[in-house]
Amino acid sequence: MNMKRNYIIIFVSATVLLGFYYTYTQHFLVAYEEKKTISAQNFENELKSFRAQLSEQEGNIFDSIYQEKNAKVTVRKYFIKKLGLGANYETLAPDFFECSRSVIAAVQESYQNLNYIDNLKRQHTDRYGDDYETLYNRLVNNNELVYKTSSFDCNQFFPDLQLVAYESSVWNDIQAHLTKLRSVIVDVERANSTARNELQNRTRNNIGQFRSSYHSAFRSRIERESTSPVQSSLNEYVIDVGDFSPTVLNLETTRFNENHFNTILQQELTAQWNDNALATGARPYANCFPETNSCSGLNCSEIRVNNSGSDVIVTVKDRSGRVVRHAYIRGNNSLTIHLPDGTYQTFFYSGRGWNPNKPMTSSICSQLRGGFVSNESFTKDPSFDNLRRSVITYTLTPTRSGNFNTVGSSASQNF
């Protein structure tokens with residue numbers, strides 16, 4: 001009987017507790033739904049109120065960066081906390097609007113920085129062209145020019161925000177770097193142009209020394225790449241300005257090699273006369289020596305020269321050392337020199353290629369010009385010949401045996 005009573009008491013107690021729990025739960029759920037609705041409405045009202053306080057530009061910025069999920073925080077309401085029983089609802093995150101104002105101001109500054117940087121880019125592109133593009137791309141690719149940042153005190157509300165910061169020191173370094181780079185390029189181009197102009201000026205100033213028929217040959221030699229006196233080489237220039245990696249330029253530089261030009265000039269001045277020869281009987285030194293080759297009357301003699309060697313200038317001096325006759329005789333040609341009876345010595349100047357402008361050493365005439373450009377040889381008959389209505393014959397043959405032996409001489413002795 002007692003046991004039955006106990007069961008009845010337990011049952012009644014449980015029923016009362018369940019009723020109490022149900023009533024409490026229902027009350028909590030109704031209060032939670034009201035709290036949730038009020039919180040959501042308050043959020044919308046506060047958001048509208050904040051949005052209404054912004055200017056059009058600020059509002060557009062806010063709309064572009066606003067993310068509702070980041071503006072809310074979760075609140076958990078417990079009805080039995082120890083058991084973890086309860087429900088969640090969302091409300092406005094503290095400091096969200098205060099952070100939003102700060103972020104809007106930062107974004108406005110970021111826009112200004114971006115516009116300023118874009119203007120700098122255009123200026124640099126206009127002024128430096130490919131030099132700037134190459135430098136800028138290299139700095140970006142190497143992460144040496146990073147002017148975007150997502151770091152901000154309110155990053156939890158705007159995690160994807162990127163702000164453009166203008167670092168004046170970076171762009172000043174870029175300007176200084178480009179200025180130095182362009183200066184190096186301009187200096188090299190100016191030096192290259194100076195070298196080319198120097199070559200043109202030297203060529204023009206010296207062309208008059210050549211026969212007109214040889215002008216093209218001289219210019220061709222000068223312009224020939226293998227012997228050009230403007231020599232090119234590839235040089236490395238390092239532009240190390242600013243707190244970023246240097247720029248390395250490999251530029252072709254040219255220089256005027258004066259010694260090389262003068263060598264070519266002298267070679268070509270000689271080469272233009274390599275195949276030049278005068279006519280047999282010509283008297284190239286008529287400005288200094290007698291031009292005649294005649295003798296009238298009974299008291300005349302002759303000097304005959306048979307030349308089978310190189311071209312030769314024959315000069316005949318009297319006992320006092322005065323040149324009385326001279327004549328040019330080509331190889332394989334002969335010439336007879338007519339002169340009054342007397343005592344004479346004969347000199348021979350042979351060679352190849354007649355240069356009419358070549359200065360010659362003379363003991364008699366300071367204005368003596370004309371000479372061979374190669375294979376020069378000065379010789380003489382060592383003896384004086386006393387001519388009395390007589391004929392002397394010289395046979396010039398390149399052989400060990402002949403009708404006479406010459407001895408060495410010099411220009412000052414011959415002329």
Being β-branched (Val, Ile, Thr) and closer than 30 Å to Ala271 by Cβ narrows Thr336, Thr315 down to just Thr315
In the set Val316, Val312, the lone residue that is free of Cβ contacts under 8 Å to residues at least 40 places away in the same chain, among the aliphatic types (A, V, I, L, M) and within 19 Å of Thr406 (Cα to Cα) is Val316
Selection over segment 287-306 where residues are out of contact with any Pro (no Cβ under 8 Å at 6 or more places or on another chain) and modelled with pLDDT of 95 or more yields a count of 5
In the set Phe348, Phe289, the lone residue that is among the hydrophobic types (A, V, I, L, M, F, W, C) and part of a strand (DSSP E or B) is Phe348
Note to self: Within segment 33-54, does at least one residue satisfy the condition of being at pLDDT 90 or above, on the phi < 0 side of the Ramachandran plot and hydroxyl-bearing (Ser, Thr, Tyr)?
What the structure shows: yes
* Asked: If you check Asn88 against the conditions, is it assigned by TED's automatic domain parsing to the domain that holds Ile38, free of Cβ contacts under 8 Å to residues at least 24 places away in the same chain and surrounded by fewer than 14 Cβ atoms within 10 Å (Cβ to Cβ)?
  -> yes
Q) What do you reckon, is Arg319 of a type in the set (D, E, K, R) and under 19 Å from Phe415 (Cβ atoms)? A) yes
Scanning segment 241-266 for residues that are among the charged types (D, E, K, R) and surrounded by 14 or more Cβ atoms within 10 Å (Cβ to Cβ) gives Arg255
May I ask you to verify whether Leu199 is in contact with a Phe, Trp or Tyr (Cβ under 9 Å, 6 or more places away or on another chain) and either among the aliphatic types (A, V, I, L, M) or at positive phi (or both)? yes
- Item | Qualifying residue in segment 136-145 (condition: touching a strand residue (DSSP E or B) at 6+ places or on another chain (Cβ under 9 Å) and assigned to a helix (DSSP H, G or I)) | yes
Picked from segment 58-75 (must be assigned to a helix (DSSP H, G or I), touching a Leu at 6+ places or on another chain (Cβ under 8 Å) and not aromatic (Phe, Trp, Tyr)), the residue farthest from Glu109 (Cα to Cα) is Ala71
Picking from Leu135, Leu92, the residue that is in contact with a helix residue (DSSP H, G or I) (Cβ under 7 Å, 6 or more places away or on another chain), at pLDDT 90 or above and over 30 Å from Asn42 (Cα atoms) would be Leu135
Picking from Arg224, Arg211, the residue that is at pLDDT below 95, closer than 30 Å to Trp354 by Cβ and surrounded by fewer than 12 Cβ atoms within 10 Å (Cβ to Cβ) would be Arg224
Within segment 239-247, can one find any residue that is at negative phi and in a strand (DSSP E or B)? yes
Discussion item. Taking the criterion of being in contact with a Gly (Cβ under 6 Å, 6 or more places away or on another chain), part of a loop (DSSP other than H, G, I, E, B) and surrounded by 17 or more Cβ atoms within 10 Å (Cβ to Cβ), would at least one residue in segment 267-283 satisfy it?
Written reply: yes
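Within segment 175-196, how many residues are among the polar types (S, T, N, Q) and under 26 Å from Arg219 (Cα atoms)?
3
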In the set Val407, Val324, the lone residue that is aliphatic (A, V, I, L, M) and modelled with pLDDT of 95 or more is Val324
Restricted to segment 146-177 and to residues being surrounded by 13 or more Cβ atoms within 10 Å (Cβ to Cβ) and in contact with a strand residue (DSSP E or B) (Cβ under 9 Å, 6 or more places away or on another chain), the residue farthest from Phe97 (Cα to Cα) is His177
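The values are calculated or read from the model by the stated rules, or taken from the named source; none is laboratory data. Quantities reported herein were computed from a predicted structural model and do not represent experimental measurements. All Cβ positions, glycine included, derive from the backbone under ideal geometry; neighbour counts span all protein chains shown.
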